[in-house]
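Here is the structure we will look at, set down as structure tokens.
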Amino acid sequence: MSDDGRKRRTPAPAPATGLAAPVNPARIAAYAGLAVLGALVGIAGTLVQAAWFPGGLLLALVGAAGLFLGGRLVFGTQLGALAPAAGWLISIFVLLGGRPEGDYVFGDELGLGLFLLGGMAVAVICATMSRVPRPGAGSVQSGK
């Protein structure tokens, strides 16, 4: 009780975020789905960039960037961009192994290097970009 006889209200604790947040199975499944989608985009990008070199490379990188940025914006976390990027990178490394006969999916070294470096750069850019402010979250303006 306070001086004037009223009970003091303690503010509610802020919800935990990041690694301190409780485990949410639906969110984990969504991140796993993003990783699978990233692997599919990586496989498709590998085939497209090898088939139509200059334009296919650009198309493959734009598709990967769209997925990474979409995951970042939908989930609002860095993991939203990193989950599809991990699937993308794993699928690329599996395809780099080639076949026992010596066949490779990648056509030439230039396309391979640009595809790997460009895709990783896009993933890092999407994961480290600042958060987009949500409308109404902090729209209180200071008075003049």
Assuming R0 = 35 Å, what is the FRET efficiency of ALA51 and ILE28, from their Cβ-Cβ distance, to the nearest 0.05?
-> 0.50
Modelled FRET efficiency - R0 22 Å, VAL124 with LEU96, Cβ distances, 0.05 increments | 0.65
Tell me, in nm to one decimal, what length is gained between LEU116 and VAL74 on full extension, where the rule is 0.36 nm per residue of separation less the Cα-Cα distance?
-> 12.7 nm
For VAL62 and ALA12, what does the FRET efficiency come to when R0 = 30 Å and r is the distance between their Cβ atoms, rounded to the nearest 0.05?
-> 0.10
For segment 24-128, the spread of Cα positions along each principal axis, largest first, Å | 45, 27, 17
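Bear in mind these aren't lab numbers, they're just calculated from the coordinates by the rules spelled out. Everything quoted here is computed from the prediction, not taken from an experiment. Counting neighbours? That spans all protein chains shown, and the Cβs are built from the backbone with ideal geometry, glycine included.
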